[in-house]
Amino acid sequence: MDAFPGPPGDCGTCGACNGDAWWDANLELWRSKCTKMFANAQGEMKRKSPHESFSAGAPMGWHSLSVIPAKSDRCGWAKTLRNKRQLELAKQGVKAVALKKTDALKALISLNKEHQQEVEATKKRRVTTVKLIQPTIENFRRNKKGQKLIAQELSRLLTDQSRWFPLKPMASMDGTKVRFSHQGQVKEISKSELCAKASSFFSCYFGDIRNKLNYGAKVHGWLTEVKKGMEVDMSDAKLNSLIGEIANFKAPELQGFEESLGESD
């Protein structure tokens, strides 16, 4: 290990103070991280700076980077690092020893991997925006879009129920199970199964309706009444009844049943 290098001074990227230098035995490099804190997604100054300075040893100067060079730039960066190190050794009267390219590249790859892990962790913390389907009458159809819309609105009703009736939520804490009362007994069904059966339930329940707008109006009206029951009447009985009917619904075994019902304008 080389002698302890001089202090890196201020961060070469943002100008903030650098922390104390420390020797990374795996990379065989001196490292010093920027101490500046940045705002996170919630606006709190808790996100650590990705800026870091590197040195192969004293008295070579520090190199400040906000990110590790891209793969196409690593060879050039590693070559510059080796040349500067050899020059400093020569000035000290020490025979320059060629550093292996593989060692320098491994060090840079390892540093780049750390940065990528920080980036991935930040992405996971970001809120993913989901594109919602507008719950209009014409969108409640016997097709894939209509199936997604019914599942979307059913999930929304369960979320509303948990918010308006926090002491007796139907959905479990992790959102994977739904509890409901049926004939005096408390039963449970997975949310995924409930949403999967909902579209077939409505198709069968309104099986005699072929006109797509009339069908959409019926489904839309039912779901609206359920929401009104919670919002206006302060009762989740209609939602409990709907979930019970869907949960106990036995889907027809004939393949393509919904398509056989057909639609007309």
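Would you be able to say whether some residue in the range 46-60 is hydrophobic (A, V, I, L, M, F, W, C), assigned by TED's automatic domain parsing to the domain that holds E118, in contact with a Pro (Cβ under 8 Å, 6 or more places away or on another chain) and at pLDDT below 75?
yes
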Members of the range 16-31 found to be under 32 Å from the mean Cα position of the chain (by Cα), modelled with pLDDT of 75 or more and farther than 17 Å from E118 by Cβ, listed by number: A16, N18
Selection status of A251, in the same structural domain as A151 (by TED's automatic domain parsing) and modelled with pLDDT of 90 or more: no
Residues of the range 194-207 that turn out to be at pLDDT 90 or above and more than 12 Å from S155 (Cα to Cα), as a count: 9
Any hit, the range 178-189, residues being part of a helix (DSSP H, G or I), at pLDDT 90 or above, in contact with a Lys or Arg (Cβ under 8 Å, 6 or more places away or on another chain) and assigned by TED's automatic domain parsing to the domain that holds A151: no
Test set (1) assigned to a helix (DSSP H, G or I); (2) buried (at least 19 other Cβ atoms within 10 Å of the Cβ) - S155 fails condition number: (2)
Cβ pairs under 6 Å, 6+ apart, first in the range 140-163 and closer than 12 Å to D236 by Cβ, second of a type outside the set (A, V, I, L, M) and crowded, with 16+ Cβ neighbours inside 10 Å: Q161/D236; S162/P169
Failed item in (1) at pLDDT below 70; (2) part of a loop (DSSP other than H, G, I, E, B), with K124 passing the rest: (2)
Selection count, the range 33-45, where residues are on the phi < 0 side of the Ramachandran plot, at pLDDT below 80 and either in a loop (DSSP other than H, G, I, E, B) or out of contact with any strand residue (DSSP E or B) (no Cβ under 6 Å at 6 or more places or on another chain) (or both): 4
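The values are calculated or read from the model by the stated rules, or taken from the named source; none is laboratory data. Only a predicted model underlies this, so the values are computations on that prediction, with no experimental measurement involved. Note that we place each Cβ from the backbone using ideal geometry, even for glycine, and neighbour counts take in every protein chain shown.
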